[in-house]
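Here's the structure, in C-alpha cells; my notes come after.
The values are calculated or read from the model by the stated rules, or taken from the named source; none is laboratory data. Please read these numbers as outputs of a predicted model, since none were measured by experiment. Don't worry about glycine lacking a Cβ; one is built from the backbone with ideal geometry, like all the others, and counts go over all protein chains shown.
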Amino acid sequence: MKKLFTIFSLVLLAVILSACTGKEGKFDYENGVYFAIQDRTEGQTYRYWVTVTIKDKKITNVTWDAYHVDGAAVRCKGESKYVCSEKGNYGDMGGQYGDWHEQAKRATDWIVKNQKIGKDITIGNDGKTDAISSVSVTVKELFDLIDEAFENGPVAKGDYNDGFYYVETALTDKTATYAVLKEGTTNEYLEFTETFKTSTMGSFLVVNGTIVLADINARHDAYVYETDSNGKFVKVATTEEGTAYNLIKNAIGKVENEEVVISNKSNNEKFVKYVTKDSAGKWYGMSDTGKVEWNLQVQNIEKLILQNQGLTVNDGKINGLSSDATTGASIHVTDIITVWNLFSADATK
C-alpha cells in the first residue's frame with residue numbers, strides 16, 4: 001500500500017511539474033508573429049518597427065529595429081539601424097550602457113524574460129524607463145509599437161524569405177542647373193550647376209514571408225525651393241533641359257573668383273539640402289508643373305506591392321497602376337522596376 005502511494009505521489013508530482021512548465025502566458029493573442037511600423041512623417045529620418053512572436057500566450061521573441069528613409073545617401077548606407085550599430089557605423093552612443101544595438105537587445109530580451117509590456121512599467125516624459133537596467137535609450141516607441149502590433153493582429157504567412165533588404169541601382173552622375181537670388185537684389189538670380197550622384201533605391205521588410213514594408217526612394221541633391229509672396233514656386237531661368245528653379249531657401253548668392261558662393265540671408269535661418277527625392281517631398285518641385293509630387297506617386301507603387309505582394313510588369317509598365325498620377329504614376333518607372341527585381345531575386349532565393 002505504501003509503495004502504491006509513493007508511485008501515485010510521483011505520478012502526481014510529474015503531472016504538476018508538466019502543467020507548470022507548459023502553463024500558458026497572460027497575453028490573450030493567437031500564436032503568430034505580430035508587426036508594426038511607425039507612420040511616415042515629414043522630416044523623418046529613422047523609421048522604427050517591431051516584431052513580436054506569441055506562442056501559448058507568451059512573448060517568445062521581440063525584435064526592434066529601424067531604417068533610414070534616405071538609404072545609402074546617409075551613414076548607415078542602407079543597412080538597418082541595428083546592423084549599422086553592430087558594425088560600428090551608427091556612431092558611439094556614449095555613456096556606460098553601450099551602443100544602440102546593445103541597448104535595443106537588452107530591452108527586447110527584458111520583455112521576453114519578464115513578460116511585460118508598456119502598461120506594466122512606467123515610462124517618463126523623456127520616453128525612457130528605469131524598469132530596464134542598463135538601458136538609457138528612448139523606449140517609448142518600442143512599447144507603443146508593441147501595442148500597435150497586437151492591435152494589427154498576426155502577419156499572414158507569405159512566400160518570401162524573412163529579413164530586411166536594401167537594394168539600389170547603379171550610381172550615375174547628373175548635372176543640374178540651379179539659380180540663387182543675387183545679393184543686394186530682390187528679383188535677379190545667379191545660375192550655377194551642380195553635379196551629383198543619383199540612383200533609385202528600395203528598403204523592404206519581410207515578416208513571416210509577407211512583405212510588410214516597401215519604401216522606394218531616389219538619391220537626388222535637391223534644395224528647398226524659394227517661393228514668392230503667394231507661395232508659388234519662382235521660375236528664374238530657362239535651360240536646354242527645361243526650366244531652372246531657385247532651389248535655395250533663405251539664401252543669397254554672390255560671385256567670388258568666378259564661382260557662385262551661397263550664404264544664408266540671416267544667421268538665424270538655414271537653407272536645407274535634401275539628399276533624396278522622398279525627403280524633399282513637396283520641395284522637389286513636380287507640383288509646380290501641375291503634377292503630383294514624386295514621393296506621393298511612388299507611394300502608390302509601394303501600396304500596390306503590399307496589396308498584391310509583388311509587381312507584375314509588362315512591356316516596361318507596372319500592371320494595375322493607372323496613368324493618373326493621383327492613383328497611379330506619371331513618373332518614369334524603369335529604375336523602380338529594376339529595384340523591385342533586385343529585391344525579388346534576393347528575397348526568393
Considering residues of segment 59-108 that are hydrophobic (A, V, I, L, M, F, W, C) and in a helix (DSSP H, G or I) only, the residue nearest to residue 206 (Cα to Cα): 83
Filter pass, residue 277 being modelled with pLDDT of 60 or more, surrounded by 17 or more Cβ atoms within 10 Å (Cβ to Cβ) and either in contact with a Pro (Cβ under 8 Å, 6 or more places away or on another chain) or within 30 Å of residue 348 (Cβ to Cβ) (or both): yes
Subset of segment 332-343 [surrounded by fewer than 19 Cβ atoms within 10 Å (Cβ to Cβ) and either outside any helix (DSSP H, G or I) or not assigned by TED's automatic domain parsing to the domain that holds residue 292 (or both)]: 332
Which numbered condition residue 155 misses (of (1) touching a Lys or Arg at 6+ places or on another chain (Cβ under 9 Å); (2) over 25 Å from residue 45 (Cβ atoms)): (1)
Unique residue being among the hydroxyl-bearing types (Ser, Thr, Tyr), free of Cβ contacts under 8 Å to residues at least 40 places away in the same chain and out of contact with any Ser or Thr (no Cβ under 6 Å at 6 or more places or on another chain) when the list is 80, 85: 85
Neighbours by Cβ (under 7 Å, 6+ apart or cross-chain): first from segment 24-46, touching a residue at least 40 places away in the same chain (Cβ under 8 Å) and in the same structural domain as residue 113 (by TED's automatic domain parsing); second of a type in the set (S, T, N, Q) and assigned to a strand (DSSP E or B): 33/51; 33/53; 34/51; 35/51
Residues of segment 141-180 classified as acidic (Asp, Glu) and within 20 Å of the chain's Cα centre (by Cα), total: 6
Residues being closer than 18 Å to residue 48 by Cβ, out of contact with any strand residue (DSSP E or B) (no Cβ under 7 Å at 6 or more places or on another chain) and polar (S, T, N, Q) - total across segment 111-168: 3
One residue from 138, 108 being of a type in the set (Val, Ile, Thr) and within 19 Å of the chain's Cα centre (by Cα): 138
Residue identified as in contact with a Leu (Cβ under 8 Å, 6 or more places away or on another chain) and modelled with pLDDT under 95 among 214, 222: 222
Yes/no for residue 143 being on the phi < 0 side of the Ramachandran plot, in the same structural domain as residue 33 (by TED's automatic domain parsing), touching a helix residue (DSSP H, G or I) at 6+ places or on another chain (Cβ under 6 Å) and modelled with pLDDT of 95 or more: yes
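Of the residues that make up segment 108-125, is at least one in contact with a helix residue (DSSP H, G or I) (Cβ under 6 Å, 6 or more places away or on another chain) and within 30 Å of residue 346 (Cα to Cα)? So that I can check it myself, show each step before the final result.
Residues of segment 108-125 that are in contact with a helix residue (DSSP H, G or I) (Cβ under 6 Å, 6 or more places away or on another chain), as a first pass: 117-118, 123.
The next check asks that each one be within 30 Å of residue 346 (Cα to Cα); those that pass are none.
Checked against the condition, which is being in contact with a helix residue (DSSP H, G or I) (Cβ under 6 Å, 6 or more places away or on another chain) and within 30 Å of residue 346 (Cα to Cα), segment 108-125 yields no hits at all.
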Enumeration of residues in segment 118-164 that are among the aliphatic types (A, V, I, L, M) and either touching a residue at least 60 places away in the same chain (Cβ under 8 Å) or buried (at least 17 other Cβ atoms within 10 Å of the Cβ) (or both): 123, 132, 135, 137, 139, 142, 145, 146, 149, 155
Selection count, segment 109-159, where residues are hydrophobic (A, V, I, L, M, F, W, C) and not in a helix (DSSP H, G or I): 10
Test: residue 47 is surrounded by fewer than 22 Cβ atoms within 10 Å (Cβ to Cβ) and under 19 Å from residue 34 (Cβ atoms): yes
Subset tally (residues that are crowded, with 22+ Cβ neighbours inside 10 Å and over 11 Å from the mean Cα position of the chain (by Cα)) for segment 59-71: 3
